[in-house]
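A short reminder: the numbers here are calculations on the coordinates, not readings from a lab. As the structure is a computational prediction, the values presented were derived from the model and not from experiment. All Cβ positions, glycine included, derive from the backbone under ideal geometry; neighbour counts span all protein chains shown.
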Amino acid sequence: MAERERNNRDRGRDDERDSEFVDRLVHINRVAKVVKGGRRFGFAALVVVGDQKGRVGYGHGKAREVPEAIRKATEAAKRALVRVPLREGRTLHHDTQGRWGAGRVILRAAPAGTGIIAGGPMRAVFEALGIQDIVTKSLGSSNPYNMVRATFDALAREDSPRSVAARRGLKVSALQSRRRDVDPDAVAAEG
C-alpha cells in the first residue's frame with residue numbers, strides 16, 4: 001500500500017516535470033520490414049520537444065503502433081535537449097546558417113512583431129524553443145529529418161554576447177556598444 005502511494009507520488013512529480021515541455025509531432029512515416037510471410041508494417045515518428053524558454057531537442061522513435069512511436073520519440077527528444085541563447089527571450093542574437101546532408105537552412109534575427117516566418121519542420125522547432133520573431137529560408141532537401149537536423153546545426157552555432165565577450169576577454173558592454181556604433185544604413189549601402 002505504502003509503495004503504491006510512493007509510486008503515485010513519484011509519477012505525479014514526473015508529470016509536473018513533463019508538463020513544462022511542449023512537444024510537436026513533426027513527421028510520421030509508415031515503414032515496412034520484409035519478412036518470410038510478407039511485410040511487417042511499423043511507424044517512425046519525429047518529435048520536437050522544448051520548454052519555450054531556450055531549451056529544445058528532437059527525437060526519433062519507431063514502433064508497431066503510432067502512439068508508441070511518438071512516446072519513444074518524445075523520450076529521445078527529452079534526453080537530447082540543448083540550450084540556445086536568445087536575445088530578449090524572443091529572437092536570435094545573430095544570423096546563422098546550418099546544414100545537414102542535402103538540407104541547408106538560413107536563420108535570421110528579426111525585429112519585434114515579425115512572428116515566425118518558417119516552413120513546417122523548422123516552425124515546430126522555433127515554437128518549442130520559444131522564439132517569437134525569426135525569418136528563415138530552407139534550401140535543398142525538404143526532407144523533415146534533414147531540415148530539423150540542419151536547424152539544430154544552425155542553432156548550435158548561435159553565440160550569446162556573454163560567451164563572445166568571455167572568449168575575447170572583453171566586457172559585454174564593450175561588445176554591445178560596438179554593435180550600436182555601427183550605422184545600419186551604412187551597412188545596407190555596403191552590402
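Some notes on this structure:
- Here region 44-145 is treated as a Stokes sphere of Kirkwood radius computed over C-alpha pairs; at 4 °C and 1.567 mPa s its diffusion coefficient rounds to 91 µm²/s.
- For region 85-190, the Kirkwood radius over C-alpha pairs fed into Stokes-Einstein at 10 °C and 1.306 mPa s yields D = 108 µm² per second.
- Listing Phe43, Phe126 from fewest to most neighbouring C-beta atoms within 10 Å gives Phe43, Phe126.
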